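Nothing in this text is a laboratory measurement; each read-out follows from the coordinates by a stated rule. Quick caveat: nothing in here was measured; it's all calculated off a predicted structure. Cβ sites come from the backbone with ideal geometry, for glycine too, and all protein chains shown count toward neighbours.
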Amino acid sequence: MVWQGMTAAEVPPQNRFEWFENVVSHVLMPTAFHAQDADGFYAQGGLLDLGTAQLARFTYAPLCSRRTPALIRRGDPEQYQLGLVTSGSSWFAQQGGEAELGAGDMVLWDTSRPYESGSGTDGRGVEVLVLQIPKARMPLPSQRVDGLLGRRVRSGAGMAAILAGFLVDLAEKGPDCSPHELGELGEMAVSLTASCLAGQLGSAVKQPAELRSHTLLRQVNTFIEHRLGDPDLSPRVIADHHHISLRSLYALFQDEPEGVAAMIRRRRLERCRADLARPDLRQQHIQTIAARWGFTSTTAFSRTFRTAYDTTPRDYRANALRHADAT
């Protein structure tokens with residue numbers, strides 16, 4: 001699965017602003033725009049289908065936008081959309097809420113209500129990720145969510161930091177995932193967003209602790225899966241990335257079949273074993289394969305492999321390749 005990419009560079013300069021307006025109106029919702037410099041306008045974007053939700057990514061030159069009642073009547077996907085500014089600055093206003101946003105800030109809006117927004121007040125463009133969640137899939141009461149529309153959500157700590165980090169990772173690593181994996185990631189994105197919003201609402205609305213733990217565990221598993229080749233991957237790195245303590249990380253795995261360190265080791269060994277059995281990799285040194293999956297010591301890798309599979313990496317490879325050649 002890859003980003004469904006879109007770039008104004010492929011459009012004649014005089015048509016780029018109109019192109020962007022049409023793209024956003026199709027991908028997100030009908031919206032009216034005004035560019036600070038229509039002649040020098042630039043933009044690019046992409047869309048990642050997550051099944052339950054969608055993730056859009058846009059980079060564009062300074063502009064202002066409005067969604068009016070007439071535009072809502074023209075088309076309404078009936079979604080909550082969460083924007084995360086990853087570069088530049090912008091502002092957003094809806095339902096009495098007004099937010100000045102810098103890199104790392106998030107804001108929620110309702111596609112069924114009018115809004116105004118702008119970006120690049122400093123003359124620079126902006127990059128934003130937009131998570132699109134159908135209202136029917138939001139597990140929080142709409143009357144409570146309404147209180148968060150147009151309000152800045154800082155992502156410096158807590159669940160907001162976890163959500164923002166997840167969206168950035170999803171934008172970077174998601175295109176490498178299968179459609180099934182993207183569907184699971186979409187469910188996680190909705191759960192994380194609901195947990196983050198519930199935290200912003202305080203004690204009035206809370207999700208069950210079991211759901212929050214389950215969501216975080218799935219996020220940790222995804223983080224590990226994409227970083228198995230990093231020799232520095234460790235429980236401490238995982239805990240720090242997710243803004244939790246080591247004790248909290250270990251608690252997440254207390255009901256799992258194995259602890260976090262054991263799981264990392266097993267997954268790395270599984271990747272090594274699979275590569276050792278590949279005929280197209282027969283010319284690669286065993287230590288090269290081991291290093292690719294995070295093992296920095298050939299001796300330690302061989303010892304760990306033998307403990308797990310009751311054979312050496314060399315013997316396992318020889319037997320696996322003989323079987324492959326015979327078939």
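Some values worked out for this structure:
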{"read-out": "Value of [θ]222 nm, deg cm²/dmol, for the chain, DSSP H segments ≥ 4, -39500 (n - 2.57) each, nearest 500", "value": "-13500 deg cm²/dmol"}
{"read-out": "Overall form of the range 263-326 per C-alpha gyration tensor (a/c, 1.5; a/b vs b/c)", "value": "prolate"}
{"read-out": "Nearest-20 debye value, the chain charge dipole, Cβ charges on Lys, Arg, Asp, Glu", "value": "920"}
{"read-out": "In Å, descending, principal axis extents of the Cα set of the chain", "value": "70, 52, 35"}
{"read-out": "Computed label-point distance, nm, for sites Gln283 and Glu225 using a 7 Å Cα→Cβ extension", "value": "3.2"}
{"read-out": "The range 98-190 shape via C-alpha gyration tensor axes, a/c threshold 1.5", "value": "oblate"}
{"read-out": "Computed log₁₀ I(q)/I(0) - Debye formula, equal Cα scatterers, no solvent, the range 5-66, q 0.13, 0.21 Å⁻¹", "value": "-0.33, -0.80"}
{"read-out": "Pairwise FRET efficiency - Arg74 versus Lys173, Cβ, R0 = 25 Å, nearest 0.05", "value": "0.10"}
{"read-out": "Estimated inter-spin distance, Arg66 and Ala103, nm [label 7 Å along Cα→Cβ]", "value": "3.2"}
{"read-out": "Separation of alpha-carbon centers, the range 116-145 and the range 254-327, rounded to whole Å", "value": "44"}
{"read-out": "Pair Gln14, Ala308: separation of 7 Å Cα→Cβ label points (nm)", "value": "6.2"}
{"read-out": "Relative contact order of the chain, defined on C-alpha pairs under 8 angstrom at six or more residues apart (%)", "value": "13"}
{"read-out": "Assigned charges on the beta-carbon of Lys, Arg, Asp, Glu; the range 241-327 dipole about Cα centre (debye)", "value": "260"}
{"read-out": "Rg/Rh for the range 215-327, where both radii come from Cα atoms and Rh is the Kirkwood radius", "value": "1.04"}
{"read-out": "Listed residues Gln219, Gln254, Leu233: farthest to the positive end of the dipole of the range 207-327 (Cβ charges)", "value": "Leu233"}
{"read-out": "At least 15 Å along the helix axis (C-alpha) and Kyte average at least -1.0, DSSP helices within the chain", "value": "16-27, 158-173, 179-201, 209-225, 260-276, 298-309"}
